[in-house]
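Each value in this text was obtained by applying a stated rule to the coordinates, not by laboratory testing. Quick caveat: nothing in here was measured; it's all calculated off a predicted structure. Here Cβ is always computed from backbone atoms with ideal geometry, including for glycine, and neighbour counts include all displayed protein chains.
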Amino acid sequence: MADALLEARGLAKTYGEGASAVKVFEDISLSVKEGEFLVLLGPSGSGKSTLLNILGLLDVPTGGSFSIDGADAANLREDEKAALRSRKIGFIFQFDSLLPEFTVLENVELPALMRGQPNPEHSLKLLERFSLAHAARKFPPEMSGGERQRAAIARALRNRPRIIFADEPTGNLDGDNARRVFGDLKELSRGGVAVLLATHNNEAIGYGDRVLSLAHGKLNEITPAAFSREI
Ligand SMILES: Nc1ncnc2c1ncn2[C@@H]1O[C@H](COP(=O)(O)OP(=O)(O)OP(=O)(O)O)[C@@H](O)[C@H]1O
Ligand SMILES: [Mg+2]
């Protein structure tokens, strides 16, 4: 098996066509190993979400190729994409996106249900791991932002993904809760799950195995020390 879990070559993305076209990037290459924690920084509008959405199979590139766990991911049918996403990928967004009319336990169990492999005991164990056992029967609106975001991480982990894409997951949290989320993601990566975290929070830099910066359509690897000089 290839060493890299995720391999992207020459990815390009332009939204729209003609005079109204927005070129976000045209030649992004990236390789992520299993268990690596990558922190992706960059100004607003630089394309961080666009890149994560493409790599997470929520959007399509306009050029280039990429593979996830050895599978060519750029040319899949919708059903193949859904299957790959369900088996290998977890997503965490800025706003937790839990379904408010379901309990936390049901929310975490949902990805497994959709895959036809229900096991609420496993979901409960995940909630325990994130100190949320007490909230299993609560509905998301009855929980704090930090609790909801931890539940969203538990849900992203439910199908034992190989890679987690986290798009500004702490944008809505205070410092303590943000650090807890970064620490949880770090622990996941130590357990072998690759993590690609897009954020504006410079505190995340200290958690990354690698720090990348996306600006003006270019992805650059930066050392944390170099970044602190830049800002
Ligand atoms: N669906 C879309 N249609 C047209 N343009 C889009 C679309 N989504 C994003 N864009 C544009 O693509 C560029 C990159 O947006 P993106 O959301 O990826 O940036 P970002 O780095 O995630 O920003 P932020 O830090 O604010 O989240 C922006 O110029 C944005 O306006
Ligand atoms: Mg974004």
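Name the residue farthest towards the positive end of the dipole of the stretch 121-231 from the options Leu173, Met143, Thr223, assuming +1 on Cβ of Lys and Arg, -1 on Cβ of Asp and Glu, about the Cα centre.
Result: Met143.
Using a simple spin-label model with points 7 Å from Cα along the Cα→Cβ vector, what separation in nm is obtained for His216 and Arg87?
For His216 paired with Arg87, the spin-label model returns 4.2 nm.
With a sphere of radius 13 Å drawn around the Cβ of Arg87, what net charge do the other residues whose Cβ falls strictly inside it have (Lys, Arg +1; Asp, Glu -1)?
Details: positive: Lys81, Arg85, Lys88, Arg115, Arg158, Arg160, Arg162; negative: Asp69, Asp79, Glu80.
Spelling it out: positives minus negatives among the neighbours equals +4.
Relative to the longest principal axis of the C-alpha atoms of the chain, give the angle of the C-alpha long axis of helix 120-129, reported between 0 and 90° and rounded to the nearest 10°.
Helix 120-129 and the main axis of the chain meet at about 70 degrees.
Do you know the relative contact order of the chain, to the nearest whole percent, from alpha carbon pairs under 8 angstrom that are 6+ apart? Mind dumping the intermediate values first?
On the way: 434 pairs, mean separation 66.2, N = 231.
Reported relative contact order: 29 percent.
Provide the net charge surrounding Lys138, with neighbours chosen by a C-beta distance below 15 Å and charges set as Lys +1, Arg +1, Asp -1, Glu -1. Spell out each step's value before the answer.
Working: positive: Arg137, Arg148, Arg150, Arg155; negative: Asp96, Glu101, Glu106, Glu109, Glu128, Glu142, Glu147.
Taking every other residue near Lys138 into account, the sum is -3.
Taking θ = phi - 60°, what integer Hz values does the Karplus form 6.51 cos²θ - 1.76 cosθ + 1.60 yield along the stretch 141-156, in sequence order, with x for Gly and Pro?
Going residue by residue, I get x, 8, 10, 6, x, x, 5, 4, 5, 5, 5, 5, 5, 4, 5, 4 Hz, with x marking Gly and Pro.
Would you pull out the residues with amide H under 5 Å of Ala166's amide H, same chain only if 5 or more places away, H placed 1.01 Å from N?
Hits under the 5 Å cutoff: Ile92, Leu196, Leu197, Ala198.
Could you run the Karplus curve 6.51 cos²θ - 1.76 cosθ + 1.60 with θ = phi - 60° over the stretch 105-115 and give me ³J(HN,Hα) per residue in whole Hz, x for Gly and Pro?
Rounded to whole hertz, the list is 4, 5, 4, 5, 6, 3, x, 6, 4, 5, 8.
Using the alpha-carbon atoms, what tilt in degrees (0 to 90, nearest 10) does helix 175-190 show relative to the longest principal axis of the chain?
For helix 175-190, the angle is close to 80 degrees.
Please identify the GluC sites (Glu not before Pro) of the stretch 36-104 that satisfy two criteria: DSSP loop assignment and at most 15 other Cβ atoms within 10 Å. Which are they? If you can, show how the numbers build up before the last one.
Values: sites: Glu36, Glu78, Glu80, Glu101; in loops: Glu36, Glu101.
Answer by residue number: Glu101.
Out of Ala19, Ala112, Ala83, any idea which swings most in a Gaussian network model of the chain, alpha carbons joined below 10 Å?
Ala19
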